[in-house]
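Working notes for the structure below.
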Amino acid sequence: MTRYQEPNVIDFFTGKPFQDLQQERIIRLSPEIDGLCMLYSNQKNPGKYFAVKLLCWGLRWSGEVVGMVPWLDGVKPCDDIQDPLNGRFEGYYDPDIDSIFFEAPVHKVVELETALAYFEMEEDSQTNETVIQRIPDNIGTHAILMDDKAQQMTLSEINCWQLKASGKIEGLIIDQNNINDTPILMSDENLYPVDANNDFRYFFQHNIANQIKREDPEALAALKGLFDG
């Protein structure tokens with residue numbers, strides 16, 4: 001598998017050397033099933049830390065393993081998060097033992113490296129759009145869809161996530177007009193990437209989504225701030 005790029009090639013959109021972007025590309029996922037979290041802080045709440053459940057662990061092309069969370073309109077490695085309040089990654093958190101750590105657990109590193117060795121395909125057989133893996137959503141992620149013309153907001157549950165050969169991770173939702181069998185499985189054809197829907201705006205974990213459903217004033221105010229920003 002060829003893993004060399006000329007170091008002087010610059011990505012037009014990010015301004016980073018293409019070789020560096022290749023190093024950061026996610027090539028394998030492992031769902032987080034033990035309730036581990038990301039800790040982050042922001043400038044609005046100095047001295048306070050927030051815990052967000054991890055969706056999965058991702059193996060980068062460089063060999064590094066990082067925790068990943070749905071963040072605004074994409075799935076981001078924890079050490080890459082950015083938000084309007086200058087959110088910053090502060091480490092990983094195990095709520096069962098009240099412990100903070102900064103490296104991926106060894107068992108996840110071994111799992112990802114072993115899975116890659118077993119499933120890795122030749123690069124020549126892939127395109128950027130090749131789906132190389134799907135994983136379930138275990139944290140109740142919702143996508144918010146906003147029809148600006150109708151002034152209508154919809155919350156749709158993410159059924160699962162798919163990783164493409166390009167490193168892009170897409171959340172899949174159910175096409176409600178094309179349901180033939182239930183339950184809906186990860187391989188079903190009536191799932192489609194939510195970012196293919198022009199009304200898609202952001203991802204929310206289940207606790208925030210439920211606050212929005214209950215029309216909690218603080219949650220609605222925060223949501224308005226995102227849209228207005």
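The values are calculated or read from the model by the stated rules, or taken from the named source; none is laboratory data. Since this is a predicted model, take the numbers as computed values, not measurements. Virtual Cβ from ideal backbone geometry, glycine too; neighbours counted across all protein chains shown. Ligands, DNA and RNA are stripped out before the accessible areas are found, and what is left, the full protein with its side chains, is counted by its heavy atoms. Shrake-Rupley method; radii C 1.70, N 1.55, O 1.52, S 1.80 Å.
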Give segment 64-86 a look and list any residue that's modelled with pLDDT of 95 or more and in a loop (DSSP other than H, G, I, E, B), or say none. Glu64
For segment 207-216, indicate whether the set of residues that are closer than 19 Å to Pro70 by Cβ, of a type outside the set (S, T, N, Q) and at pLDDT 95 or above is non-empty. no
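Would you mind finding the one in Phe89, Phe102 that is open to solvent by 10 Å² or more (accessible area, probe 1.4 Å), among the hydrophobic types (A, V, I, L, M, F, W, C) and modelled with pLDDT under 95?
On inspection, the qualifying residue turns out to be Phe89.
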Close pairs (7 angstrom Cβ cut-off, 6 or more residues apart or separate chains): at pLDDT 85 or above in segment 108-132, among the aromatic types (Phe, Trp, Tyr) anywhere: Lys108/Trp57; Leu112/Trp57
In segment 32-45, residue farthest from Gln162 (Cα to Cα) [restricted to those that are surrounded by fewer than 16 Cβ atoms within 10 Å (Cβ to Cβ) and under 16 Å from the mean Cα position of the chain (by Cα)]: Gly35
Enumeration of residues in segment 138-173 that are in a strand (DSSP E or B) and either over 22 Å from the mean Cα position of the chain (by Cα) or surrounded by fewer than 18 Cβ atoms within 10 Å (Cβ to Cβ) (or both): Met146, Asp147, Gln152, Met153, Thr154, Leu155, Glu157
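Going through segment 23-61 one residue at a time, which ones are in a loop (DSSP other than H, G, I, E, B), under 25 Å from Glu111 (Cβ atoms) and either out of contact with any strand residue (DSSP E or B) (no Cβ under 9 Å at 6 or more places or on another chain) or not aromatic (Phe, Trp, Tyr) (or both)? Break it down stepwise before answering.
Applying the first criterion (in a loop (DSSP other than H, G, I, E, B)) to segment 23-61 yields 25, 32-36, 42-49, 54-55, 61.
Subset that is under 25 Å from Glu111 (Cβ atoms): 25, 32-36, 54-55, 61.
Hits for segment 23-61 are Arg25, Glu32, Ile33, Asp34, Gly35, Leu36, Leu54, Leu55.
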Give just the number: which of (1) within 27 Å of Gly171 (Cβ to Cβ); (2) in a loop (DSSP other than H, G, I, E, B); (3) at pLDDT 60 or above; (4) open to solvent by 40 Å² or more (accessible area, probe 1.4 Å) does Phe13 not satisfy? (3)
Are there any pairs, at least 6 apart or on different chains, whose C-beta atoms fall under 6 Å, with the first in segment 169-184 and within 14 Å of Ile158 (Cα to Cα) and in contact (Cβ under 8 Å) with a residue 60 or more places away in the chain and the second surrounded by 10 or more Cβ atoms within 10 Å (Cβ to Cβ) and not aliphatic (A, V, I, L, M), and if so, which? Ile169/Trp161; Gly171/Trp161
